[in-house]
Amino acid sequence: MRADERNPTGFVPTQAQRDESERKGYWDHAIRYGLEYYVSGRFATAHGFISVNANILHHGVELLLKACLAKDDPIEKIRLYGNPKKGYYHDIVQLWQEFKLRQKVPPPVEFDAIVEGLHEFEHIRYPEFLIRDGAMIRIDIFDVENLPDENPGMREKQYALKLPQIDRLMGLLFAASGANPPAFLPRIENDEQAMIYYDMVRPTLFGRPKLTQPEGKSRIGLLFRKWLNAIGLSLGIVGVVFIWIWGPPQPSFEREVPLAVSEGTPLPGGKTAGQHTAEVKDQESRYRLMSSIGLAFILLGFATQLANEFLPRDQATPPRAK
């Protein structure tokens, strides 16, 4: 093939190279999909979305299991993963059994029940089945001990999920997938920017108009907070300097001369014993005062910054219709 704009090198991969590229591409995307489903499921669990959180976590486990198998499977078999008859479809129990067969060291048996329990939620993935058959759903964010059922004679099927168990399962699968953590984890672990954006879109739920603030008031409030924070930091720094100079360790403030002398007795250096005692007393008072001032600066700076966090924000107002 001749070189052109779309293929400047003129390189033409073989079919085997294309298949290998597709296999690696599936492996990579399955891990990324699985991790994003996993984090989304954890958020849904923390948010109390018990109708969908388990199914989102189910997708995460499913994709990571498929990524683990795709490390060794040929592309022809990978293409059948989603086939309900010839592949695994969404059956994580079947995927888990195949995964276990390929491990040199069998995974802990506790994960068998975790996978089976998570897969049970597929039966109530849609509301019509939940309404028809009923269900008792228990979601635990923490790894707490389950209390005995108050009514063991209930006919509704019970569904239980413990988030820490899913966390351990996903940790096992991610390690087994052969993924390089620095290449995949920063995207899901650094959620600071995501929370900023989420706070920005939170008020516009259902297309509600975004609340705005008067421009002048907003700028004044922001400027005041910046100055308040800067003053608090400056006071803290000044306090540290004061304590550094006049705080511990302090010089000896021993006022008495270790001799039986009167106040008028001259000492080496030309001072009398009385003058020496007065100077030491003044020095001790000065050190105590300056170190106390330094501590007061630090406490005042801390209080200023703390007040900055608890001051009421400028009240937002809906935009006027134009």
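The values are calculated or read from the model by the stated rules, or taken from the named source; none is laboratory data. None of the values given here were measured: they were computed from a predicted structure. Please note: Cβ atoms are built from the backbone with ideal geometry, for glycine as well, and neighbour counts cover all protein chains shown.
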Quiz item: Looking at this structure, is residue 129 of a type in the set (A, V, I, L, M, F, W, C) and surrounded by 14 or more Cβ atoms within 10 Å (Cβ to Cβ)?
Solution: no
Quiz item: Which numbered condition trips up residue 55, out of (1) within 21 Å of residue 28 (Cβ to Cβ); (2) touching a Phe, Trp or Tyr at 6+ places or on another chain (Cβ under 9 Å)?
Solution: (1)
Self-check item: Flag for residue 181 being assigned by TED's automatic domain parsing to the domain that holds residue 115, modelled with pLDDT of 95 or more and not aliphatic (A, V, I, L, M)
Solution: yes
Exercise. Report yes if some residue within region 199-208 is assigned to a loop (DSSP other than H, G, I, E, B) and modelled with pLDDT of 75 or more; otherwise report no.
Key: yes
Practice problem: Counting only residues that are under 30 Å from residue 138 (Cβ atoms) and of a type in the set (Gly, Ala, Ser), give me the helices (runs of 4 or more DSSP H) lying completely in region 1-103 with at least 2 of them. | Solution: 15-46, 53-70
Practice problem: Inspect all residues belonging to region 53-75 and state whether any of them is more than 20 Å from residue 169 (Cβ to Cβ), of a type in the set (S, T, N, Q) and under 24 Å from the mean Cα position of the chain (by Cα). | Solution: no
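Residue-by-condition table, conditions (1) without any contact (Cβ under 8 Å) to a residue 60 or more places away in the chain; (2) surrounded by 12 or more Cβ atoms within 10 Å (Cβ to Cβ); (3) over 28 Å from the mean Cα position of the chain (by Cα); (4) more than 16 Å from residue 63 (Cα to Cα):
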{"residue": "103", "(1), (2), (3), (4)": "no, no, yes, yes"}
{"residue": "123", "(1), (2), (3), (4)": "yes, yes, yes, yes"}
{"residue": "142", "(1), (2), (3), (4)": "yes, no, no, yes"}
{"residue": "145", "(1), (2), (3), (4)": "yes, no, no, yes"}
{"residue": "156", "(1), (2), (3), (4)": "yes, yes, yes, yes"}
{"residue": "164", "(1), (2), (3), (4)": "yes, yes, no, yes"}
{"residue": "186", "(1), (2), (3), (4)": "yes, no, no, yes"}
